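The values are calculated or read from the model by the stated rules, or taken from the named source; none is laboratory data. Predicted model only: the values in this text are computed from it and were never measured. Here the Cβ is made from the backbone with ideal geometry for all residues, glycine too, and neighbour counts use every protein chain on show.
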Amino acid sequence: MLSGKRIILGVTGGIAAYKAAFLLREFQKAGAEVRVTMTPSATRFVGTETFASLSRHDVAVEVFPESSSADAWTRHIEWGEWADLFVIAPCTANTLGKIVHGFSDNMLTSTVLAARCPILICPTMDGGMYQAPATQQNLQKVAEFGYHILEPEEGYLASGLEGKGRLPGPQTILKKAETLIVSKKKEDKLLSGKSVLVTAGPTREHIDPVRFISNPSTGKMGFAMAEAAQRLGADVTLIHGPVQLVPPSGVETIEIETAEQLYEKVREYATADVVIMSAAVSDFAPTDYHHQKVKKDNASSEIKLKSTPDILSWLGGQRRNGQVLIGFAMETENLVENATRKLNEKNIDWIVANSLSENDSGFGVDTNTVLLLGNGEKQEISGSKREVARILLDKIFAH
């Protein structure tokens, strides 16, 4: 599976750096071409000559090497476009922190920012450092970035203590690398040439200029779905309500506020090959809108409401042949029953259901646990919202 593939091996300054030489040889035996980049600290454990001899390529360490060609400082750009996979093994807590915060003070961290391929991080350190809150938070962050993590193994550590922090063996890393290469190959084709419409975030239904009816949706799940669809090769349009998120690069974005505005925009883009309705749409809006702020002394104790357009039902009623419709359902009880009813009544293909009663799931958080229903299947998926989005689309379109 790795034959002919191009791999960047990143080596950071931990005692496990010597094991990277054995990993490099395993990649080569599998038919891959390997280039090595090291942090300056890593060179104190293993010399660059070792990796240069094994890889038959110069080893990149500094962004501005003292003696090299004039264009050596742009090597991270060239390598970032060249590679099919970037494996950082071992990855110290220090380099992990730099990756999370976008530091680019050496060639390895600069290449991470420039990489256009999957990145596999193998965190390796003393057990106490691995369990430290900062390290665990950084691991969560890189997972949200879409990077892949291979957890360390437990055992005897360089400190003389027992704990979780050992670099996994070369074959374990090799197997994980093969999985990512296969997944990337599938990603390159899964939605290539398809148009995908994604809705995300809340809607707001105003009572007056300063008050409105809404919900706690932050749009994180919908934005993750848009990003995942784009990574699978789709031409993505994202319609979203008021959120505090940066849209994925290369995705056409349209901002709306009310359910009626969302309905009109969805009608405009309803011919998309795939429609993913992940927006949290208000079911009701005030019957009357007050153009001036309603003063407390003059306010009524009642607000009359009207139903907003049922956008998902409209899509299901006018769908064209071959179109794929995916809905979302947020429930507080009877998750399977309510989601199944919505799936059937709306005439859609798939529904993604999640419950507010689950820990680390639902509005505002970065993780999710969802139930995918459709095509006679029922499957639970958990992880960061970016991970869940990728798995959902893989499950739906791998059929």
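Could we say that GLY155 is farther than 26 Å from ALA32 by Cα, assigned by TED's automatic domain parsing to the domain that holds LYS29 and either touching a helix residue (DSSP H, G or I) at 6+ places or on another chain (Cβ under 8 Å) or assigned to a helix (DSSP H, G or I) (or both) here?
In short, no.
Collect the residues in the stretch 257-292 that are in contact (Cβ under 8 Å) with a residue 60 or more places away in the chain, outside any loop (DSSP other than H, G, I, E, B) and under 30 Å from the mean Cα position of the chain (by Cα), keeping them in residue-number order.
LEU262, VAL266, VAL274, VAL275, ILE276, MET277, ALA280
Could you say whether any residue in the stretch 13-36 is assigned by TED's automatic domain parsing to the domain that holds VAL87, of a type outside the set (Gly, Ala, Ser), more than 22 Å from THR179 (Cβ to Cβ) and part of a loop (DSSP other than H, G, I, E, B)?
The answer is no, given that none of the residues of the stretch 13-36 is assigned by TED's automatic domain parsing to the domain that holds VAL87, of a type outside the set (Gly, Ala, Ser), more than 22 Å from THR179 (Cβ to Cβ) and part of a loop (DSSP other than H, G, I, E, B).
For every residue, the table says whether it meets (1) modelled with pLDDT of 90 or more; (2) in a loop (DSSP other than H, G, I, E, B); (3) outside the structural domain of VAL243 (by TED's automatic domain parsing); (4) not hydrophobic (A, V, I, L, M, F, W, C).
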| residue | (1), (2), (3), (4) |
| --- | --- |
| GLU302 | no, yes, no, yes |
| ILE326 | yes, no, no, no |
| ALA329 | yes, no, no, no |
| GLU337 | yes, no, no, yes |
| THR340 | yes, no, no, yes |
| ASN347 | yes, yes, no, yes |
| SER361 | no, yes, no, yes |
| GLY364 | no, yes, no, yes |
| ARG390 | no, no, no, yes |
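Among the residues of the stretch 21-31, how many are buried (at least 24 other Cβ atoms within 10 Å of the Cβ) and in contact with a Ser or Thr (Cβ under 9 Å, 6 or more places away or on another chain)?
Residues flagged as buried (at least 24 other Cβ atoms within 10 Å of the Cβ) and in contact with a Ser or Thr (Cβ under 9 Å, 6 or more places away or on another chain) within the stretch 21-31 amount to 1.
Restricting attention to the stretch 81-108, which residues are in contact (Cβ under 8 Å) with a residue 40 or more places away in the chain and either in a helix (DSSP H, G or I) or outside the structural domain of GLN171 (by TED's automatic domain parsing) (or both)?
Keep residues of the stretch 81-108 that are in contact (Cβ under 8 Å) with a residue 40 or more places away in the chain, which gives 82-97, 99-100, 104-108.
Residues satisfying the conditions are TRP82, ALA93, ASN94, THR95, LEU96, GLY97, ILE99, VAL100, MET107, LEU108.
In the stretch 37-80, what count of residues is obtained for those that are of a type in the set (S, T, N, Q), assigned to a loop (DSSP other than H, G, I, E, B) and modelled with pLDDT under 90?
Going through the stretch 37-80, the residues of a type in the set (S, T, N, Q) turn out to be 37, 39, 41, 43, 48, 50, 53, 55, 67-69, 74.
Among the residues that remain, those that are also assigned to a loop (DSSP other than H, G, I, E, B) are: 39, 67-69.
Now restrict to residues that are modelled with pLDDT under 90: 67-69.
Within the stretch 37-80, residues that are of a type in the set (S, T, N, Q), assigned to a loop (DSSP other than H, G, I, E, B) and modelled with pLDDT under 90 number 3.
So LEU312 fits all but one of (1) part of a helix (DSSP H, G or I); (2) touching a Gly at 6+ places or on another chain (Cβ under 6 Å); (3) in contact (Cβ under 8 Å) with a residue 40 or more places away in the chain; (4) of a type in the set (A, V, I, L, M, F, W, C); what number is the exception?
(3)
For the stretch 204-216, indicate whether the set of residues that are surrounded by fewer than 24 Cβ atoms within 10 Å (Cβ to Cβ), among the polar types (S, T, N, Q) and assigned by TED's automatic domain parsing to the domain that holds SER282 is non-empty.
Taking the stretch 204-216 first, the residues surrounded by fewer than 24 Cβ atoms within 10 Å (Cβ to Cβ) are 204-216.
Narrowing further to those that are among the polar types (S, T, N, Q): 214-215.
From what is left, the residues that are assigned by TED's automatic domain parsing to the domain that holds SER282 are 214-215.
Within the stretch 204-216, one or more residues are surrounded by fewer than 24 Cβ atoms within 10 Å (Cβ to Cβ), among the polar types (S, T, N, Q) and assigned by TED's automatic domain parsing to the domain that holds SER282.
Would it be correct to say that VAL243 is under 29 Å from ILE396 (Cα atoms), assigned to a loop (DSSP other than H, G, I, E, B) and in contact (Cβ under 8 Å) with a residue 24 or more places away in the chain? So that I can check it myself, show each step before the final result.
Working: under 29 Å from ILE396 (Cα atoms): yes; assigned to a loop (DSSP other than H, G, I, E, B): yes; in contact (Cβ under 8 Å) with a residue 24 or more places away in the chain: yes.
So VAL243 passes the test.
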